[in-house]
Amino acid sequence: MGIIIGTIAQALIPSHQTPYTHPMTSNAPYIRAPAGDFVLPFDVKDAGVRGRLVRLDATSARALSAHALAEPAARVLGEMLALAALLGSALKLDGRLTAQTKSAGPLDLLAADYYGADGGRPKGVRGFARFAAAPPDTRASFASLAGAGSLVITIEPKRGAQMYQGIVALSPLGLAASAEDYFAQSEQLPTLLRLAAAPLFTPGTCAPHWRAGGLMLQTTPNAPHTEEDWQRLSLLARTVEDVELVDTSLAAETLLWRLFNEEEVRVLPAEAIAFRCDCDGERIAAVLRSYSPEERAGLADADGAIRARCDFCGAVHEIKDFPHPSTSSG
Ligand SMILES: [Zn+2]
């Protein structure tokens, strides 16, 4: 399934939501990728190369709104969300993929989770960053923010299933370069990654609306391809600009056509990505119930309730139904 993008390219220039049909491969109408909050898989079959384009809009805005981060740190977290969406959706997981950095710089911890669709819940991402310093220059480099450290990718196919974990040293060039190193080491598949995030400032609102995007290109395992094909396609992919990745007014198919118009690129249906946090007040309550009353008293507010704030979504879970053996009621 899918559609060869060249056949719809001419029609793509004016942007509207008309379905297109590819007469050669399918009679099913092709539904254009939305403006934001999607991953669009594609491939160049003859070259043995596949790819994904991600663009987050409301999803990244919601994820970043839970954190009061200086702009350079928010930018890196936005990129981390796009990375998790690319990696997780490529694995077709129904469980969870976590990308996490630990490093020595002021931005010493970054985490993003991708959840596969399950039990009626959509595919989604969430993120968290710890930034322990005064806001630096807005153009601070990744190396000066994160410092030396590592990127850990954890894959949990399903809750309780066998976990897989891979680790790579952080590249001073950024998350995309670190993830490329990860693929070079762990899968030995030539992989290209580009990530970008940008704030949108709207008059009348004090916090920016963050968008994030990314492009991944990878050779297909066991598919015939030549070094020449890979070099040509990865060079084209490298010409993508940050603004093209985050611009919701630029149709995803148009962007792919701009990059690869001399190739036969086939696009598959876009997958929706939402903001999702699976934090669970009941699970926190269960942990707290295993504490002694004295330990709980140390955590409780004056009214006796314990309020736990989720680091990812900002939700405050209020837990107060603890057994009280020595309660005196009036
Ligand atoms: Zn949460």
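The values are calculated or read from the model by the stated rules, or taken from the named source; none is laboratory data. None of the values given here were measured: they were computed from a predicted structure. Glycine gets a Cβ as well: all are built from the backbone with ideal geometry, and neighbour counts include every protein chain shown.
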- [ ] Look through R266, R307 and report the one residue that is among the basic types (K, R), in contact with a strand residue (DSSP E or B) (Cβ under 6 Å, 6 or more places away or on another chain), modelled with pLDDT under 95 and more than 16 Å from the ligand (Cβ to nearest atom).
- [x] R266
Task: Test result for P203, in contact with a strand residue (DSSP E or B) (Cβ under 9 Å, 6 or more places away or on another chain) and either surrounded by fewer than 17 Cβ atoms within 10 Å (Cβ to Cβ) or not acidic (D, E) (or both) - done: no
Task: Flag for L91 being assigned by TED's automatic domain parsing to the domain that holds A117 and crowded, with 24+ Cβ neighbours inside 10 Å - done: no
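Taking the stretch 209-224 as the search range and keeping residues that are surrounded by fewer than 18 Cβ atoms within 10 Å (Cβ to Cβ) and touching a residue at least 12 places away in the same chain (Cβ under 8 Å), which one is farthest from L195 (Cα to Cα)?
Step by step, filter the stretch 209-224, then rank; the result is P224.
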Task: Yes/no for L233 being more than 30 Å from A61 (Cα to Cα), in contact (Cβ under 8 Å) with a residue 40 or more places away in the chain and out of contact with any Lys or Arg (no Cβ under 8 Å at 6 or more places or on another chain) - done: yes
- [ ] Select from the stretch 269-304 the residues that are touching a residue at least 40 places away in the same chain (Cβ under 8 Å), away from the ligand (no atom under 16 Å from the Cβ) and assigned to a loop (DSSP other than H, G, I, E, B) and write down the one among them that is surrounded by the fewest Cβ atoms within 10 Å (Cβ to Cβ).
- [x] P269
Open item on the list: For the stretch 204-253, which positions are more than 27 Å from A73 (Cβ to Cβ) and assigned to a strand (DSSP E or B)?
Closed with: L217, Q218, T219
Task: Hits in the stretch 45-55 - residues which are of a type outside the set (D, E, K, R) and either assigned to a loop (DSSP other than H, G, I, E, B) or touching a helix residue (DSSP H, G or I) at 6+ places or on another chain (Cβ under 6 Å) (or both) - done: A47, G48, V49, L53, V54
Open item on the list: Whether any residue in the stretch 237-252 is free of Cβ contacts under 8 Å to residues at least 12 places away in the same chain and more than 26 Å from P199 (Cβ to Cβ) is what I want to check.
Closed with: no
Open item on the list: Testing R258 on (1) within 16 Å of the ligand (Cβ to nearest atom); (2) over 20 Å from the mean Cα position of the chain (by Cα); (3) closer than 17 Å to L53 by Cα, one condition comes back false. Which one is that?
Closed with: (1)
- [ ] Scan the stretch 314-328 for residues that are modelled with pLDDT of 90 or more and out of contact with any strand residue (DSSP E or B) (no Cβ under 6 Å at 6 or more places or on another chain) and jot them down.
- [x] G314, A315
- [ ] Consider A35 carefully, then state whether it is in contact (Cβ under 8 Å) with a residue 24 or more places away in the chain and within 26 Å of E253 (Cβ to Cβ).
- [x] yes
